[in-house]
Amino acid sequence: LKILAGITEPTGGYAEVRGRVGSLLEVGTGFHPELTGRENVLLNGAILGMKKAEIERKFDEMVDFAGVEKFIDTPVKYYSTGMQVRLAFSVAAHLDPEILLVDEVLAVGDVSFQKKCLGRMEAVAKGGRTVLFVSHNMQAVSMLCQRAILLKEGGVEFEGPATKVVSQYLASGSKQLAEVTYSYEESPGAIVKLHTVRALNADKEVVYDMNIGDPITLQVEFWCSERARVLTSFHLLNEQGLLLFTTTNLEVLSQPEYEPGLYRCECTVPAN
């Protein structure tokens, strides 16, 4: 993105960009802490290539979008990081670029502001302009983009419709996680050290792909280095990282402590 925005020179090759570029990469880098929000909007707009008349025409709209009307004449050094980013995003988003480069700026700000940002990018895209959005937020990518490219170690891993690329990305990070084993020395933990976590099908085989119509067994094995009472929890999340359910072996609280040794805790999720 920095190469396309003209911030960084490529060490090899070249990038061809046709059109006026607006970049939301390191938003707020042009803000001066001693200047007020109003002065910084004028300064930042000029840095981004907007004419003075254009900035003045869009000023109220930009401030309203950022939601900082009450503090527009306050020095920016008193703003929270979120307020600064909202104002900077607002200025850049109203630049009306032919190409909009967007990084993870959506990570800052509350839910309502994130929705505004997505709406603004969607409006830019629907207006026949190009939005290049780089993110690990799969919901945003699925909602905003028709086409996606999955990059891995500097190369194109997969390219196609956004929904297919998102599924490929989520699957690639999970394939090796049907079973994870640690030696005692490298295991995370102190009194209780993790040995193995695995997912099993109905035939007790370790498999990554499972049918929703079959029961799934989750196992965790751990060492106790001294007497301890160990409460084990399982959390099941969907592809978007939303928690679907959690379960824990609360009955262990009424049982004797574990003696030192290797233990296995198992949970079976019924079919469907």
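Only helices reaching 30 angstrom along their own axis (Cα) with mean Kyte-Doolittle hydropathy no lower than -0.5 count here, and not one DSSP H run of the chain does.
Amide H to amide H distances under 5 Å link residue 149 with no residue, where only residues 5 or more positions off or on other chains count and H is placed in the peptide plane. Here the peptides 12-19, 138-145 are ranked by packing, the mean other Cβ count within 10 Å, and the order with the highest first is 138-145, 12-19. Remark: segment 16-103 projects, on average over all directions, an area of 5.4 nm² (convex hull of Cα atoms).
Placing unit charges on the Cβ atoms of the charged side chains and taking the dipole of the chain about its Cα centre, the candidate lying farthest along the positive direction among 142, 212, 270 is 142. For a paramagnetic label modelled on residue 217 (point 7 Å from Cα along Cα→Cβ), amide N atoms under 19 Å away belong, within segment 238-265, to 247-249, 262-265. Considering only 163, 181, 74, the mean-square fluctuation computed in a Gaussian network model of the chain, springs between alpha carbons under 10 angstrom, is largest for 181.
Compute the Cα gyration tensor for segment 82-143, then decide on rounded, prolate or oblate, letting a ≥ b ≥ c be the square roots of its eigenvalues: rounded whenever a/c is under 1.5, prolate when a/b is larger than b/c in the other cases, and oblate in all that remain. Oblate is the answer for segment 82-143, as a/c is 1.5 or above yet b/c matches or exceeds a/b. Spin-label model, residue 272/residue 229: points 7 Å from Cα along the beta carbon direction are separated by 3.9 nm. Note on the chain: dipole from Cβ charges, positive end direction compared against 256, 223, 121; the farthest Cα belongs to 121.
Centre-to-centre separation between the Cα atoms of segment 17-94 and those of segment 194-263: 50 Å. This model, with +1 at the C-beta of Lys and Arg and -1 at the C-beta of Asp and Glu, gives segment 1-99 a dipole about its Cα centre of some 80 debye. Solvent exposure of the chain amounts to 60 Å² per residue of accessible area, where only protein heavy atoms count and the probe is 1.4 Å.
In the complete set of protein chains, residue-level accessible area for residue 147 is approximately 150 Å², probe 1.4 angstrom. Set the bar at 32 Å for Cα to Cα. Now go through 115/152; 126/164; 152/204; 52/164 and name every pair that lies beyond it. Over 32 Å Cα-Cα: 152/204; 52/164. Taking the helices alone, the chain has a mean residue ellipticity at 222 nm of -8500 deg cm²/dmol, built from -39,500 (n - 2.57) per DSSP H run of at least 4 residues and averaged over all its residues. The accessible surface of the chain, taken with every protein chain in place and a 1.4 Å probe, is 53 percent carbon and sulfur.
Around the Cα centre of segment 173-272, unit charges on the Cβ atoms of Lys, Arg, Asp and Glu (plus for the first two, minus for the last two) sum to a dipole of about 160 debye.
Each Lys and Arg contributes +1 and each Asp and Glu -1, all at the Cβ; summed about the Cα centre of the chain, the dipole is approximately 860 debye. Taking all C-alpha pairs of the chain, those more than 30 Å from each other amount to 51 percent.
The values are calculated or read from the model by the stated rules, or taken from the named source; none is laboratory data. Just so it is clear, the model here is predicted, and its values are computed rather than measured. Ideal geometry is used to build each Cβ from the backbone, glycine not excepted, and the neighbour counts take in all protein chains shown. Surface areas here come from the heavy atoms of the whole protein model, side chains and all, with no ligands, DNA or RNA. Shrake-Rupley method; radii C 1.70, N 1.55, O 1.52, S 1.80 Å.
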